[in-house]
Amino acid sequence: MPFDQSVSHCAAIALERLWPTVAKRYARHKNRHRLPVFQQALQQDFAQLYSCLVDLYGAQWDFYFHLEQTLVKAAQAWMDASEDHRVYQAEHNDWLQSEQTIGATGYVDLFAGNLRKLQSQIPYLTDLGVGYLHLMPFFDVPEGDNDGGYAIKDYGKLNPRIGTLAQLKSVAAALHDNKIRLVLDFVFNHTSDQHQWALLAKAGDVRYQAYYWLFRDPADKAPYSRYLRDIFPDKRAGCFTWNEELQAEVWTTFNDYQWDLNYQNPEVYTAMCSEMLKLVDAGADVIRLDALAFTWKQPESNCENLPNAHRLIQAFNAFLRLAAPGVVLKSEAIVAPDEVVKYISADECPVSYNPNLMALMWEALATRQTKLLIAGTQARSGLPADTVWVNYLRCHDDIGWAFADADAWSVGINPQDHRYFLNQFYTGQFPGTFAAGVPFQADPNTGDCRISGTLASLCGLEQALLTGSSTDHAIKRILLMHGIVLAFKGIPLIYLGDEVGMLNDYSYRADPNHHNDSRWVHRVRFANTGADQRSVNNSPQNQVFTGLVNLIELRRSHPVFGFGDVVVLPSVAESVFAFSRTYQGQTLVVVANFSEHRCHLDANQCLRLGLAGQANDLLLDQPLTASEGLELAAFQQLWLLGGL
């Protein structure tokens with residue numbers, strides 16, 4: 001009989017050999033009664049972890065040592081968890097699809113000052129309807145420029161200005177008591193050059209030098225460097241930084257103080273599993289994988305979106321299934337649309353940003369035409385089962401025009417020329433623009449750039465207030481954009497401050513730590529957003545806040561916005577975007593006008609959208625009869641339920 005070399009068989013044999021070591025190690029542990037349940041979890045999910053690690057590290061001479069170390073780390077997390085630590089009990093993630101799940105994101109210090117004050121802001125979040133809170137990194141970072149918290153020195157220690165680990169756990173518990181899931185960042189492509197591993201490497205420790213990519217011979221670097229693109233071209237050329245202490249060039253994809261980790265070393269994977277568990281222990285329900293597309297390096301490639309990058313993420317996912325099965329991974333892959341979807345699956349990242357929808361909505365707002373928005377979302381909105389988009393308009397980062405070239409060509413748009421137009425429009429350089437954005441990482445060689453700016457400033461509110469003109473269209477644009485992401489399938493995400501019409505803050509230009517990073521124009525202290533004016537009738541802040549709260553309350557009142565399927569409908573008018581949501585026999589059609597000009601849809605156009613009889617517009621709270629045609633005012637949207 002031939003020897004069975006299937007992955008499942010080999011995994012079963014490996015587990016049979018490794019389990020006695022684990023069982024013996026925890027035989028006297030105070031929570032040893034958990035061992036049988038953990039063993040059951042291993043029998044169910046170990047094969048996936050084994051398969052990933054064999055693909056990545058199976059050729060390493062010490063593979064089984066690292067496999068054992070990974071297993072022990074998972075067991076340790078299981079054994080040490082507090083009795084009520086809910087993430088260690090596997091649960092079905094229906095909440096990801098629920099209409100009740102409204103997301104918010106921001107920096108602790110900008111939104112509240114510190115963790116203690118953040119806890120006192122929870123009532124504000126619950127009033128807004130938030131059930132998913134993503135807090136930007138607040139772990140220990142070097143003083144000065146630290147990429148907004150993404151150059152981490154120590155995951156076990158917080159920035160002292162933000163608070164303590166005990167305060168973080170207290171905030172997490174309070175959020176959970178208020179049915180708010182906590183999202184934390186796992187910055188796993190790189191560490192700060194002040195991380196303990198980097199310091200040991202610089203001190204000559206060969207073991208920790210192997211944690212990073214170091215090149216002393218230019219010939220060794222050449223098979224990589226000639227294929228890489230500059231991520232921040234206005235700061236520096238290339239992806240490598242000379243280090244005097246090491247007498248070597250260090251791979252630094254993003255900034256010279258962020259050292260890329262070498263995941264071809266299996267010890268780096270196991271060490272980062274330990275770092276990830278610190279986030280779980282702190283109370284994370286969702287872990288956002290930062291810059292995941294860049295994690296695996298391979299000669300003669302651009303070192304982005306490589307197959308082993310996916311396998312590495314799948315290995316982290318498989319580890320979490322064993323160590324913390326209630327925690328889910330979220331992809332931050334701001335890459336080409338066809339590459340974004342490759343990271344999204346139950347075995348990789350069940351949650352992902354939707355940069356395609358975000359970029360296409362801003363494109364439609366500038367052009368007043370929805371043909372590219374329709375083409376791009378018709379082709380790229382579907383996802384595998386048990387996964388979900390996070391639909392957003394703004395976040396801590398910039399806007400890149402991440403629509404697919406093929407989608408642009410399909411509707412007669414030259415993508416390169418169009419991106420140049422959009423950059424001109426949103427940086428205020430195109431005649432007649434309403435936007436007040438700031439270029440980010442402008443490339444002097446290509447003329448390319450990305451866009452910084454708050455939602456309100458990009459929608460024209462800043463310009464209207466500065467010129468003393470009407471704010472009506474600007475506010476309607478803001479609510480139109482929010483309305484689409486609230487009604488579309490997925491988790492809608494609000495960048496904290498946008499709910500009160502936060503404007504650009506140009507003071508970053510005078511800050512030596514931030515002056516060369518225009519993203520700080522939209523990283524505004526909540527106290528400076530004018531949020532206190534949201535209760536003043538007819539103020540811009542009041543109109544934006546009350547309008548958004550109304551949209552949120554309507555979404556949370558109708559399950560069709562959560563679990564309902566989405567179908568992007570065909571074009572019926574140049575400025576109209578429409579899609580349907582269907583759930584348990586109920587259908588809702590959203591119809592939105594992306595222009596300041598009125599748009600009339602006659603009965604035939606309505607029929608093409610599936611609208612025939614009478615439907616109730618949830619926003620106007622009144623019936624409309626499609627057979628008589630529909631009238632859309634400037635930047636108006638309709639949420640039509642029933643009678644279709």
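The values are calculated or read from the model by the stated rules, or taken from the named source; none is laboratory data. These numbers come from a predicted model, not from an experiment. Ideal geometry is used to build each Cβ from the backbone, glycine not excepted, and the neighbour counts take in all protein chains shown.
So the values come out like this:
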read-out: Residues within the range 110-147 that are part of a helix (DSSP H, G or I) and closer than 26 Å to K235 by Cα, tallied; value: 2
read-out: Qualifying positions in the range 379-402 - at pLDDT 95 or above and either among the basic types (K, R) or over 22 Å from I494 (Cα atoms) (or both); value: R394
read-out: Residue in the range 88-138 that is surrounded by the fewest Cβ atoms within 10 Å (Cβ to Cβ), counting only those that are free of Cβ contacts under 8 Å to residues at least 12 places away in the same chain and either touching an Asp or Glu at 6+ places or on another chain (Cβ under 6 Å) or among the small types (G, A, S) (or both); value: S120
read-out: Condition met for C303 (crowded, with 22+ Cβ neighbours inside 10 Å, assigned by TED's automatic domain parsing to the domain that holds H396 and at positive phi); value: yes
read-out: Test: residue in the range 452-474 that is of a type in the set (D, E, K, R), in the same structural domain as P384 (by TED's automatic domain parsing) and either in contact with a Pro (Cβ under 6 Å, 6 or more places away or on another chain) or on the phi > 0 side of the Ramachandran plot (or both); value: no
read-out: Total residues in the range 183-222, condition farther than 15 Å from N262 by Cα and under 25 Å from the mean Cα position of the chain (by Cα); value: 4
read-out: Test for V7: is it surrounded by fewer than 19 Cβ atoms within 10 Å (Cβ to Cβ) and among the aliphatic types (A, V, I, L, M); value: yes
read-out: Options G437, G412, G400; residue that is over 25 Å from the mean Cα position of the chain (by Cα) and either assigned by TED's automatic domain parsing to the domain that holds G131 or not acidic (D, E) (or both); value: G412
read-out: Residues (part of a helix (DSSP H, G or I) and of a type in the set (S, T, Y)) located in the range 5-26; value: S8, T21
read-out: Subset of the range 493-540 [without any contact (Cβ under 8 Å) to a residue 12 or more places away in the chain, small (G, A, S) and part of a helix (DSSP H, G or I)]; value: S507, A510, A527, S535
read-out: Residue list for the range 244-262, restricted to those being buried (at least 22 other Cβ atoms within 10 Å of the Cβ), more than 21 Å from the chain's Cα centre (by Cα) and in a loop (DSSP other than H, G, I, E, B); value: T252
read-out: Test set (1) assigned to a helix (DSSP H, G or I); (2) of a type outside the set (A, V, I, L, M); (3) surrounded by fewer than 18 Cβ atoms within 10 Å (Cβ to Cβ) - T70 fails condition number; value: (3)
read-out: Test: A435 is in contact with a Phe, Trp or Tyr (Cβ under 8 Å, 6 or more places away or on another chain), surrounded by 15 or more Cβ atoms within 10 Å (Cβ to Cβ) and aliphatic (A, V, I, L, M); value: yes
read-out: Listing of strands (runs of 3 or more DSSP E) fully contained in the range 567-636 that carry 1 or more residues being more than 31 Å from the chain's Cα centre (by Cα) and not aliphatic (A, V, I, L, M); value: 599-601, 614-617, 622-625, 630-632
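Residues are listed down the side, and each one gets a yes or a no for (1) aromatic (F, W, Y); (2) on the phi > 0 side of the Ramachandran plot; (3) part of a loop (DSSP other than H, G, I, E, B); (4) more than 19 Å from the chain's Cα centre (by Cα):
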position: H310; (1), (2), (3), (4): no, no, no, no
position: A333; (1), (2), (3), (4): no, no, yes, no
position: D338; (1), (2), (3), (4): no, no, no, no
position: A346; (1), (2), (3), (4): no, no, yes, no
position: M358; (1), (2), (3), (4): no, no, no, no
position: L365; (1), (2), (3), (4): no, no, no, yes
position: A408; (1), (2), (3), (4): no, no, no, yes
position: H418; (1), (2), (3), (4): no, no, no, yes
position: L422; (1), (2), (3), (4): no, no, no, yes
